[in-house]
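No value in this document is a laboratory result; all are computed from the given coordinates. Values in this document were obtained by computation on a predicted structure and should not be read as measured data. Counting neighbours? That spans all protein chains shown, and the Cβs are built from the backbone with ideal geometry, glycine included.
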Amino acid sequence: MDYIGSTSVDPRKVTTFRLQEMKSAGQKIVCLTAYDALIARILDESGIDVILVGDSLGNVVQGLETTIPVTLDEIIYHTKAVVRGAKRPLIIADMPFMSYQVSVDEAFANAGRIMKETGCGGVKLEGATEITLQAIRRMTESGIPVMGHVGLTPQSIHKFGSYRARGKDPQEAESIFKDAVNLEQAGAFAVVLEKIPAELAKKITQTLKIPTIGIGAGPHCDGQILVYTDMVGLTIDFNPRFVRRYARLYETILNACKKYAEDIRNLNFPNESESY
Ligand code: KIV
C-alpha cells in the first residue's frame, strides 16, 4: 500500500503496544475520526495510525447539537462499519454518555459489548471520576484497552455551559494534570487532551509514560487527532482555531450536485453512451 508523502509508515497492524513504541521513538501518532467503511478505507490507505469512532458522530452524522443523545447501539453500528473498512489502523470506539458513569459493572459490560460485537481494538471514555477510574482498572485487567480523555470533555457540556478551552487558570490546569496522571495509573493506554493550553499539554506529555493525543492542545502531544469532516472541509459552520482544513469537500460536493441537477434539467444526462 502507498502512503502519499510518507514512505516511512510501518505497514504492520497498529496496536496499543505499537503506540507506546512510537512515543518512545518520538514518532508522531496520526489519528482521525471516522464513522463508516467508505471513509475508514481512505484513512487506512492514507496511513492514519488510529481511527476513533467518536461520539462526535452525533454532531457530524446525526445533526445533533451535542453528543449527549448518542447511544451505545449507534456507536456499535458505526464501529462495525469502520472495522470492515480499515485493516491497519487501531480502531477505538467512544463510549457514549451514561454508558460508563452509572456503575463499574455496567461500564464493564458495555465496554465488553463494544469489543465483542464490533471487533475494534479498544474504547475511549471521558473524564476521571472515581467510578471511571475503577471501570478502567476493571476493563484493562480483563484485556480491554482504554483511552482516556481530559480537558474539554463534550459529554459534560451541561456542567460547563460552553466549549471554551480548559485549564487556563492554575487550579483547573492542576486538576486536568491530576486526571491525566490518574488515568495512566488506572491503566489507560493513551489519553486525549482536548482544547487545553500547549504548555499544560507539554507538561502532561513529558510526565506520562503513555502517549498523549492532542486536539487543540498544541504541538507537543505525542499524536494529533481531528474530526475528519472538519479536516476535509465537509463541516463549514465549525471553525475553532485548532482545525486546519486540508480540502474543501463541502464546496466540491455542492458544485457536483449543482452540475448534476443542471445536466438532468438540460437533458444532458444521461447521454447515449450512458444508456442501454
Ligand atoms: O468524539 C470525538 O470525535 C472525540 C475526538 C474529538 C477526540 O472525542
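Please give me the summed charge of the neighbours of Asp222: other residues whose Cβ is under 12 Å from its Cβ, Lys and Arg +1, Asp and Glu -1.
Details: positive: Lys23, Lys28, Lys202, Lys209; negative: Glu21, Asp49.
Neighbourhood net charge equals +2.
Using θ = phi - 60° and the Karplus curve 6.51 cos²θ - 1.76 cosθ + 1.60, what whole-Hz ³J(HN,Hα) does each residue of the stretch 162-176 get, with Gly and Pro shown as x?
Going residue by residue, I get 7, 9, 5, 4, 9, x, 7, 9, x, 5, 5, 4, 5, 5, 5 Hz, with x marking Gly and Pro.
Obtain the nm distance between the two label points defined at Glu199 and Met98 by a simple spin-label model: each point lies 7 Å from its Cα along the Cα-to-C-beta direction.
It is 4.1 nm.
Report Rg (one decimal) and Dmax (nearest whole number) for the chain, counting Cα atoms only, units Å.
Expressed in Å, the Cα Rg and Dmax of the chain come to 19.8, 70.
Per 5 Å bin, what percent of the C-alpha pairs of the stretch 92-238 does each bin hold, from zero upward?
2, 10, 19, 22, 20, 15, 9, 2, 0
Relative to the present Cα-Cα distance, how much length would full extension add between Glu45 and Ile68 at 0.36 nm per residue of separation? Intermediate values should be presented prior to the final figure.
Working: separation 23, 0.36 × 23 = 8.28 nm, distance 3.16 nm.
Difference between extended and current length: 5.1 nm.
I need the phi-derived Karplus couplings for the stretch 183-191: 6.51 cos²θ - 1.76 cosθ + 1.60, θ = phi - 60°, integer Hz, Gly and Pro marked x.
5, 4, 5, 6, x, 4, 8, 6, 9
Sorting check: for 246-252, 207-213, 67-73, 119-125, which peptide has the highest mean count of neighbouring beta carbons within 10 Å, and how do the rest follow? All intermediate terms of the calculation are to be shown ahead of the outcome.
Working: 246-252: 13.4, 207-213: 20.4, 67-73: 17.0, 119-125: 22.6.
Top to bottom by mean Cβ count within 10 Å: 119-125, 207-213, 67-73, 246-252.
Provide the packing ranking of 24-31, 59-66, 262-269, 105-112, i.e. peptides ordered by the mean count of other C-beta atoms within 10 Å per residue, highest first. Mind dumping the intermediate values first?
Details: 24-31: 15.9, 59-66: 14.0, 262-269: 10.5, 105-112: 18.1.
Top of the packing list down: 105-112, 24-31, 59-66, 262-269.
Springs between alpha-carbon atoms under 10 Å, Gaussian network over the chain: tell me which of Ala190, Ala40, Ala256 tops the mean-square fluctuations.
Ala256
Can you tell me the length gained on complete extension of the stretch Tyr276 to Ser156, counting 0.36 nm per residue apart and subtracting the Cα distance? Don't skip to the answer; put the middle values down first.
On the way: separation 120, 0.36 × 120 = 43.20 nm, distance 5.61 nm.
Contour length minus the Cα-Cα distance gives 37.6 nm.
Once R0 is set to 45 Å, what does the formula 1/(1 + (r/R0)^6) return for the Cβ-Cβ distance between Arg244 and Ile264, expressed as a FRET efficiency to the nearest 0.05?
On the way: r = 36 Å, r/R0 = 0.80.
Step by step, r from the Cβ atoms, then E = 0.80.
Taking the stretch 24-162 as the region of interest, what is the percent of Cα-Cα pairs per 10 angstrom bin, listed from the shortest bin to the one with the maximum distance?
13, 43, 36, 9
Treat each spin label as a single point 7 Å out from the Cα along the C-beta direction, and report the Ala37 to Asp105 distance in nm.
3.7 nm
Please report, in whole Å, how far the alpha carbons of the stretch 158-276 spread along each principal axis, starting with the longest.
Rounded to whole Å, the extents work out to 67, 29, 25 Å.
Could you work out how far helix 72-85 tilts from the main Cα principal axis of the chain, as a 0 to 90 degree angle to the nearest 10?
Result, in degrees: 60.
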